[in-house]
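Let me begin by presenting the structure, written as structure tokens, before commenting on it.
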Amino acid sequence: MFELSNTFIYIAIFAAASALINSLGIVAIFRNREWAEKTKTYFMCFAAGMLVSTPLLLTLPIAIGKNFYAGFMTLFGFLFMFFSNELIKRYTQKETLAFGITALEGIGIHSFIDGIIYTVTFKVSILVGVLAGTGLVVHEFAEGVITYLVLLKGGMKEKTAMLYAFLVAGLTTPIGAFVAFPLIDKLSESNLGLMLGFVSGVLLYVSASHLLPEARQEEKEHSNIAFLSGVGLAIFIVLSKML
């Protein structure tokens, strides 16, 4: 019983830290809008590099290892996001609003899964949880920044975007961790593989079809370096999980 409580404390600490770091990113952008406008391309490239690499290097291989049909769920996740975007555009008649809502949908799922990852890794061992959790917390600042900027791009007002960015990108991570904690032992390896496959498709769509094309429209001198930095962070996270 003591070991279980100790594990829960570690999960709670890392989940709270992720929400805090994410919030710091949102506040930093909210207070420095001019700086944000000048650097948003770099942040979007960075996020795209990270989010397109993580499913290819880690999430999808693990998913297929757990369930051979996880690749089909990856395709389903990608198509789900694609048609979500199309339906939102048709309903709102506003492409920019659809951009914001669809990206919000993907980021929310991603952040929720981050919380589940905390629970899963700490269930394996404290060491694995700390290594994986550190890698995830590092990227939360950039994720908060990107979420806020994406919502502004979707036509939201600054304070509304700030609130929704926190709810979707910051708060969903600890919610995912705490929801998963009592349930993770009941989930079969096969079903976990299908879930991870779906998430992989969502992340690939958000990064490859939203963030990267948007960043490339305003390509700047060092945007490729920002993209590769995101790839590098994803590699760091993967390596931290393999240790």
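Residue by residue, here is whether (1) within 29 Å of GLU189 (Cα to Cα); (2) surrounded by fewer than 23 Cβ atoms within 10 Å (Cβ to Cβ); (3) charged (D, E, K, R); (4) modelled with pLDDT of 85 or more holds:
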| position | (1), (2), (3), (4) |
| --- | --- |
| ALA15 | yes, no, no, yes |
| ARG33 | no, yes, yes, no |
| ASN67 | yes, yes, no, yes |
| LEU97 | no, yes, no, no |
statement: Conditions (1) more than 10 Å from SER200 (Cα to Cα); (2) assigned to a helix (DSSP H, G or I); (3) open to solvent by 70 Å² or more (accessible area, probe 1.4 Å) -> PHE46 fails only (3)
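Go through region 163-175 and count every residue that is open to solvent by 50 Å² or more (accessible area, probe 1.4 Å) and either over 19 Å from ILE109 (Cα atoms) or of a type outside the set (Val, Ile, Thr) (or both).
Qualifying residue count, region 163-175: 5.
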- prompt: Which condition does GLN93 not pass, out of (1) modelled with pLDDT under 75; (2) within 16 Å of MET195 (Cα to Cα), if it passes all the others?
  reply: (2)
- prompt: With ASN85, ASN22 as the choices, which residue is at pLDDT 80 or above, assigned to a helix (DSSP H, G or I) and crowded, with 20+ Cβ neighbours inside 10 Å?
  reply: ASN22
message: Against the definition (surrounded by 24 or more Cβ atoms within 10 Å (Cβ to Cβ), small (Gly, Ala, Ser) and at pLDDT 80 or above), how does ALA63 come out, yes or no?
response: yes
- request: Could you list all residues from region 163-178 that are touching a residue at least 12 places away in the same chain (Cβ under 8 Å) and over 17 Å from LEU136 (Cβ atoms)?
  value: TYR164, ALA165, PHE166
query: When you scan region 141-168, how many residues do you find that are at pLDDT 85 or above and of a type in the set (Gly, Ala, Ser)?
result: 1
- prompt: For region 176-194, how many residues are modelled with pLDDT of 80 or more, aliphatic (A, V, I, L, M) and open to solvent by 30 Å² or more (accessible area, probe 1.4 Å)?
  reply: 3
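The values are calculated or read from the model by the stated rules, or taken from the named source; none is laboratory data. Please read all numbers here as calculations on a predicted model, not as lab measurements. Positions of Cβ are backbone-derived with ideal geometry, glycine not excepted, and every protein chain shown enters the neighbour counts. All accessible areas refer to the heavy atoms of the entire protein, side chains included, with ligands and DNA or RNA removed. Shrake-Rupley method; radii C 1.70, N 1.55, O 1.52, S 1.80 Å.
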